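Bear in mind that the values in this text are calculations on the coordinates, not laboratory data. Here the structure is a predicted model, which means the values were calculated and not measured. Every residue, glycine as well, gets a Cβ built from its backbone with ideal geometry; the counts of neighbours run over all protein chains shown.
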Amino acid sequence: MEIRHWGLTQSIPETEGGDPRDALRTARAEVGGYSTPITFSDHERQLLIAICNEIIPPGDGYPAPGDVGVIDEFFVYYIAPTGTTVTRFPHATEDSFKSDLARLGHEFLEKDRAGRVAELKRLETEQPEFFGQLRALTYGGYYSRPETIAALRRHHDAGRDYRGAPQPYGYEQSTMDWGDMTPPKKGVSYTRTDAVKKLV
């Protein structure tokens with residue numbers, strides 16, 4: 001069985017008998033990534049930091065991805081180590097990822113900002129799967145970092161009670177006091193969207 005999501009195709013082994021959703025459950029991403037992190041050379045690390053800092057440029061009170069541990073605390077856990085079955089989004093394997101990264105070479109680090117952006121645009125067109133992995137890892141890592149969450153809370157009105165996810169804490173404020181509301185009883189009606197009339 002094959003499933004497509006985020007522009008990637010993933011092969012899932014068929015299950016004999018039983019619930020067909022079991023195959024999806026075993027292949028879905030788990031919180032925390034792979035148990036064994038991969039390692040990057042100093043050059044690979046510098047290259048990834050430069051890429052991440054172009055995908056999400058710092059500024060306006062928001063930190064640079066390279067300054068908040070995106071590579072060392074996120075990338076290394078969400079790329080499948082050599083010899084490991086790929087089960088986590090963005091479905092990157094260590095050998096393939098490092099091979100694609102090596103093609104960028106030292107030249108990427110020597111370019112100015114405009115040159116780096118042009119190179120990333122080329123990469124997005126010519127190697128969309130690799131670029132998609134870089135983008136997904138950068139976004140996932142950046143918005144999971146405590147420093148980024150703190151910046152969102154400080155600099156964005158809608159982010160003042162953002163914690164990375166609403167559960168288990170919920171939000172600091174709510175527009176309704178749901179706890180005092182009586183749950184609906186039998187006889188509740190439904191109005192189709194196209195039947196709703198504007199009042200004013």
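Details
- Selected residue (only one of D112, D157 is without any contact (Cβ under 8 Å) to a residue 60 or more places away in the chain, more than 24 Å from R45 (Cβ to Cβ) and of a type outside the set (K, R)): D157
Conditions tested, residue by residue: (1) surrounded by 15 or more Cβ atoms within 10 Å (Cβ to Cβ); (2) over 16 Å from L47 (Cα atoms); (3) touching a Phe, Trp or Tyr at 6+ places or on another chain (Cβ under 9 Å).
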| position | (1), (2), (3) |
| --- | --- |
| L101 | yes, no, yes |
| E107 | no, no, no |
| E124 | no, yes, yes |
| Q133 | yes, no, yes |
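- Among the residues making up the stretch 48-81, those that are without any contact (Cβ under 8 Å) to a residue 24 or more places away in the chain and part of a loop (DSSP other than H, G, I, E, B) are P57, P58, A64.
- For the stretch 106-156, the helices (runs of 4 or more DSSP H) that sit wholly inside it and include 1 or more residues that are over 22 Å from Y62 (Cα atoms) are 113-126, 128-142.
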